[in-house]
Every structure is written in C-alpha cells, then in structure tokens.
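Got a structure for you, written out below as structure tokens; questions coming shortly.
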Amino acid sequence: MIITKKALPRRTFLRGMGATVALPLLDAMVPSMTALAKTAAAPVRRLGFVYMPMGCDLPRWTPPGEGRLNELSPTLQSLAPVMDQLTVVTNLELKNAYPGTHATSNAAFLSAAKAKWTESTDYYLGTTIDQIAAKQIGHQTLLPSLELSMDLLQTVGQCDNGYACVYQNNLSWSSPTTPLPAEAHPRIVFERLFGEGGSAADRRAALQRRASLLDWVRDDITRLQNRLGPEDRTRVGQYLDTVREVERRIQKAEAETKDQGLPDLDRPVGVPTAYADHARLMFDLQVLALQGDVTRVITFQLARETSNRTYPEIGVSDPHHPLTHHGNDPEKIARMAKINAFHVSLFAYFLEKLKATPEGDGSLLDHALYLYGSGMGNPNVHDHVNLPILVAGGGASGLKGARHIKYAEPTPLANLHLTLLERVGVRLDAFADSKGKVDELLSL
C-alpha cells in the first residue's frame, strides 16, 4: 500500500501474496474543506440486473392502484423494508422476444433485440444494456462488469424451438455475436474480486490449509489501521469481517461437498446445498464488489429458463418449469407464485444489505440502481407483455421510490433500459426498440 497524499486515493488496496483487497469508501479518502461532489465521496453510479425466469403469477405480483405505492402485492411483500426506494412498472413489453420462447425471453431481457433463429454457432442478438454501461463506466473499476448466475452452463446446441442454447445460457452480450458466460461458483467469484497475484499453486495450497485470504494481507491491514481515525478503523474492520465471513461460508460449503450424496446437476460442486444459502452468498459477493468499488455493473440470473429446479425449502417439490405450464390450475399457480415470492425475498435480502451499508452521505442502495424482473409475462401462454418489472435504489441521484407506474398501453421495456442508462450518466438517443423514456424516473 502506497500513500502519497494526505487523503487516501479511492483506489487504495491491501496487497499480499495472492490477494488484492479493495477498500470501502472511508472518511480518510475525502479531503477536508472540499465540496463533496468533487471528492471520492461523490455519488458513484452503479447499475445491476437480476433475472427471474419464466415470468410469474401476475395477479399476485401487481400492486393495487397506481401512483403512490401504499401497498405491496402478495409476491412483493418481502420488499416492505425498502419500499421507499422501490418503483414497480406495469405493462412493459418485449416485442422482439416473440414468437414466445424461453430462449428469447432470456435473450431479449437486457438487449430488447430479436435473436437470430439458429441452432448453430451463427447466433446473433445485440449488445445488452449492462455492457453499454460497462463500456462507459466500467473502465473506472478493476472489473468492468460482473456476470453471475445460479446454474451451471452445461447445455449446448439447440435448447428451445430451434434456438441455440447460448440464448438462454447468457444474459449479457458485449456485442451481437459475443455472449459473456456467467459464473455460478462463489469461490471463483471470490477469487475474481480479491484473489489477484500469486500462482494457482499458491492459491490451491492456501485452500488446502483452509487459510484466509485476509491472512495474506495482514501486514497491510496493520499499517492501514495505524493511519486511520476511529470511525474508519471500525468501518474497515466491519468490511474485512464481512469478507472473512463470506470466505468462511464458501469454505464450509466446499468442506461439506464430500459428504453430499448425488449432486444437483444444476448446481456447481462445492456450493451450499440449499438454494437460498447459495443465492444469499452470491448476493453477499455483490455487496462486497460494490462496496469495494471492484465493479459498478452486475448481472445475476436467479435460474435458467426451463429450469426444473425444485424448492423443498419452501415446500415446493414440483419442478419449476412444469408448474409454469399450469393450465390455469389454481393449485399449480399457487405453487408457482410461492417460487416467485421466494425469489423476490432473496432480492429483498440483498437490497436490505445495500441499505444497511453506509457510503458517503447515504447507503450503497442510494448509490445503486437495480432492475429486477423477467422477459416473460404469463408463462402459461409464453407471452412477453405486462412483464413483472421493478426498479430499486437510486436515492442519491434523486430517484423517488414508493411508486407504481402503470401504463395504459403496452410500452417497450427498452424505454426503461434507456432511462436507466441516462440515470447512470450514459447518454443515448435510443436503445433497441425504445420509443421514449420513463419520465417518472427522470424527474427529480
């Protein structure tokens, strides 16, 4: 660690053999007698996307009324603690996702583009919104963007009505012909965030000793703490405790692998057995990535389209995909809605973590914008209208929450994409099939 100014640089790292640990925003990074907007504490623009597969039960999703969000729907109840930074947008559509497939639902969600119908490697889609943002704001961080998922990308060839599997395997595309594979293994994500330097053999040896990555930067931690004030020392201590706890949970899952029976074919080896534990760990890694300013653009796929994952931890033993083809059976719809609410509750866990993490003059949630939703509306008929969509965060940039924006006519999801890009400082006149912007999210 090298300090050349009275104020620490925002890009200060703790370094050791095989480890580079970025730091959260500290008071010591803010020069005294300087306007906040001109310091490291100025609001950082961050953009994230969480994908919920196979639509949902829309009556249980949609809040009552419109305008002021005074009451949440059954599916969204877990979001009550962050309702003041929540906007639900109803009646958005993805015209370019038709003819109505799982592959195109996933592919169009962030691109709003029409996927080329092919089973081969001549696939073609469009650059996704996250990568447009990463090209303009990603150069400021160690990782321009971070692509995450919960499932192994094990399917190749043709997956859905003549569409190549690449369309439903990947949310993020850096060009129309370049999908960006997502990572589902917490250990690999952890090492991408913190495990820089040292050889692969060094890291393997450390794993075998169950050593903590933070042990490798212990000397730098001591030197840093001696230079900080009491509040910063506490902040750094809490941040490093969180890093260590996340690492401990990863190690615990890896240690338990040998005791597991037949593996879940959708789940990587060495991750927590329970879906919720795995998802929370992936969300906690996102918190660390944002808090340390390792990246400012993240995508996360909660499950792949056509996933047959079951959710015994919430009492649903039916595979997810068949439940979505419910034929209007009330019992099947209720079980599908239970999965929808479960997924939302995990997102709520993440948002509460962001809200509880101080940064500058607000919280991480104030300084981030997250879009949560699906590329499919009613999965029983595979439509792409009236999509379940919500936006969270953005308080530091003046975004008002606790609202339900309800369009009278179907409106392109690309309008929302274009608006989110503008909120994070990326100026475009149009995106995909956008026909305007969401004015309610632009007015202060």
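When you go through His404, His382, His367 one by one, which is the residue that is under 27 Å from Pro176 (Cα atoms) and of a type outside the set (A, V, I, L, M, F, W, C)? Before you say what the answer is, go through the steps one by one.
On the way: His404 fails: under 27 Å from Pro176 (Cα atoms); His367 fails: under 27 Å from Pro176 (Cα atoms).
Exactly one of His404, His382, His367 is under 27 Å from Pro176 (Cα atoms) and of a type outside the set (A, V, I, L, M, F, W, C), namely His382.
Could you tell me how many of the residues in the stretch 113-137 are within 17 Å of the chain's Cα centre (by Cα) and either without any contact (Cβ under 8 Å) to a residue 12 or more places away in the chain or assigned to a helix (DSSP H, G or I) (or both)? Explain how you work it out, then say what you get.
Kept after step one, since they are within 17 Å of the chain's Cα centre (by Cα), are these residues of the stretch 113-137: 128-134, 137.
Filter once more, keeping what is either without any contact (Cβ under 8 Å) to a residue 12 or more places away in the chain or assigned to a helix (DSSP H, G or I) (or both): 129-134, 137.
Of the residues in the stretch 113-137, 7 are within 17 Å of the chain's Cα centre (by Cα) and either without any contact (Cβ under 8 Å) to a residue 12 or more places away in the chain or assigned to a helix (DSSP H, G or I) (or both).
Okay, next question. For the list (1) modelled with pLDDT under 95; (2) surrounded by 21 or more Cβ atoms within 10 Å (Cβ to Cβ), I need the number of the one condition that Ala200 fails.
Every listed condition holds for Ala200 apart from (2).
Also, I was wondering about something else. Identify, from the list Pro59, Pro64, Pro144, Pro99, the residue that is closer than 29 Å to Pro319 by Cβ and in a loop (DSSP other than H, G, I, E, B). Give the steps one after another, and end with the answer.
Values: Pro59 fails: in a loop (DSSP other than H, G, I, E, B); Pro64 fails: closer than 29 Å to Pro319 by Cβ; Pro144 fails: closer than 29 Å to Pro319 by Cβ.
Exactly one of Pro59, Pro64, Pro144, Pro99 is closer than 29 Å to Pro319 by Cβ and in a loop (DSSP other than H, G, I, E, B), namely Pro99.
Same structure, new question: Restricting to the stretch 46-86, name every residue that is within 17 Å of the chain's Cα centre (by Cα) and within 30 Å of Trp173 (Cα to Cα).
Applying the first criterion (within 17 Å of the chain's Cα centre (by Cα)) to the stretch 46-86 yields 46-53, 79, 82, 85-86.
Matches in the stretch 46-86: Arg46, Leu47, Gly48, Phe49, Val50, Tyr51, Met52, Pro53, Leu79, Gln85, Leu86.
Select from the stretch 111-140 the residues that are open to solvent by less than 20 Å² (accessible area, probe 1.4 Å), polar (S, T, N, Q) and touching a Gly at 6+ places or on another chain (Cβ under 9 Å) and list them in ascending order.
Answer for the stretch 111-140, where residues must be open to solvent by less than 20 Å² (accessible area, probe 1.4 Å), polar (S, T, N, Q) and touching a Gly at 6+ places or on another chain (Cβ under 9 Å): Ser111, Thr118, Gln131.
Looking for whichever is open to solvent by 10 Å² or more (accessible area, probe 1.4 Å) and either assigned to a loop (DSSP other than H, G, I, E, B) or farther than 26 Å from Leu323 by Cβ (or both) here; the options are Ala414, Ala430. Which one fits? Talk me through it step by step, then tell me what you get.
On the way: Ala414 fails: open to solvent by 10 Å² or more (accessible area, probe 1.4 Å).
Answer to the check: Ala430.
Against the condition open to solvent by 10 Å² or more (accessible area, probe 1.4 Å) and in contact with a strand residue (DSSP E or B) (Cβ under 7 Å, 6 or more places away or on another chain), how does Lys400 come out, does it pass? Walk me through it before giving the result.
Values: open to solvent by 10 Å² or more (accessible area, probe 1.4 Å): yes; in contact with a strand residue (DSSP E or B) (Cβ under 7 Å, 6 or more places away or on another chain): no.
In short, no.
For a quick check of your reading of the model, give me the residue pairs whose first member lies in the stretch 433-444 and is at positive phi, whose second is open to solvent by less than 50 Å² (accessible area, probe 1.4 Å), with beta-carbon atoms closer than 6 Å and at least 6 apart or on different chains.
Qualifying pairs under 6 Å: Gly436/Asn415.
Does the stretch 84-103 hold any residues that are buried (at least 21 other Cβ atoms within 10 Å of the Cβ) and either without any contact (Cβ under 8 Å) to a residue 24 or more places away in the chain or closer than 22 Å to Leu399 by Cβ (or both), and which are they?
As a first pass, look at the stretch 84-103 and keep what is buried (at least 21 other Cβ atoms within 10 Å of the Cβ): 85-89, 92-94, 96-97, 101-103.
The answer is Gln85, Leu86, Thr87, Val88, Val89, Leu92.
Still on this structure: Of the conditions (1) over 20 Å from Pro176 (Cβ atoms); (2) buried (at least 24 other Cβ atoms within 10 Å of the Cβ), Gln77 fails just one. Which one is it?
(2)
Can you pull out every residue in the stretch 330-387 that is more than 30 Å from Met29 (Cβ to Cβ), open to solvent by 10 Å² or more (accessible area, probe 1.4 Å) and in a helix (DSSP H, G or I)?
If the condition is that a residue be more than 30 Å from Met29 (Cβ to Cβ), open to solvent by 10 Å² or more (accessible area, probe 1.4 Å) and in a helix (DSSP H, G or I), then Pro330, Glu331, Lys332, Ile333, Ala334, Arg335, Lys338, Ala341, Phe342, Ser345 are the ones that fit.
So, one more: Would you confirm, using the coordinates I've provided, whether Ala274 is of a type in the set (A, V, I, L, M) and open to solvent by less than 10 Å² (accessible area, probe 1.4 Å)?
Details: of a type in the set (A, V, I, L, M): yes; open to solvent by less than 10 Å² (accessible area, probe 1.4 Å): no.
In short, no.
Return the residue satisfying two criteria in turn: it lies in the stretch 147-163 and is assigned to a strand (DSSP E or B) and of a type outside the set (A, V, I, L, M, F, W, C), and of such residues it is modelled with the lowest pLDDT. Before you say what the answer is, go through the steps one by one.
Looking only at the stretch 147-163, we keep the residues that are assigned to a strand (DSSP E or B), and these are 147-149, 158-160, 163.
Retained after the next criterion (residues that are of a type outside the set (A, V, I, L, M, F, W, C)): 147, 149, 158, 160, 163.
Numbers: Glu147: 98, Ser149: 96, Gln158: 58, Asp160: 78, Tyr163: 94.
Only one residue fits best here, namely Gln158.
Moving on to the next point. In the list Lys252, Lys258, which residue meets the criterion of being assigned to a helix (DSSP H, G or I), at pLDDT below 80 and either over 21 Å from the mean Cα position of the chain (by Cα) or over 17 Å from Met150 (Cβ atoms) (or both)? Outline the logic, then answer.
Working: Lys252 fails: at pLDDT below 80.
None of the others qualify; the one that does is Lys258.
Here are some conditions: (1) of a type in the set (A, V, I, L, M); (2) part of a helix (DSSP H, G or I); (3) within 20 Å of Thr75 (Cβ to Cβ). Leu420 meets all but one. Which one does it not meet?
With (1) of a type in the set (A, V, I, L, M); (2) part of a helix (DSSP H, G or I); (3) within 20 Å of Thr75 (Cβ to Cβ) applied to Leu420, the lone miss is (3).
Next question. Suppose the filter is within 30 Å of Pro179 (Cα to Cα), within 18 Å of the chain's Cα centre (by Cα) and of a type outside the set (S, T, N, Q); does Leu110 pass it?
Numbers: within 30 Å of Pro179 (Cα to Cα): yes; within 18 Å of the chain's Cα centre (by Cα): yes; of a type outside the set (S, T, N, Q): yes.
When the stated conditions are applied, Leu110 passes them.
Show the residue pairs meeting these rules: Cβ distance below 9 Å; 6+ apart or different chains; first residue within the stretch 366-380 and more than 21 Å from Ala356 (Cβ to Cβ); second residue in a loop (DSSP other than H, G, I, E, B) and of a type in the set (S, T, N, Q).
From the stretch 366-380, the pairs are Gly377/Asn386; Asn378/Asn386; Asn380/Asn328.
The values are calculated or read from the model by the stated rules, or taken from the named source; none is laboratory data. All of these numbers come straight from a predicted model, not from anything done at the bench. Ideal geometry is used to build each Cβ from the backbone, glycine not excepted, and the neighbour counts take in all protein chains shown. Just so you know, the surface numbers come from the protein's heavy atoms only, side chains and all, with ligands and any DNA or RNA stripped out. Shrake-Rupley method; radii C 1.70, N 1.55, O 1.52, S 1.80 Å.
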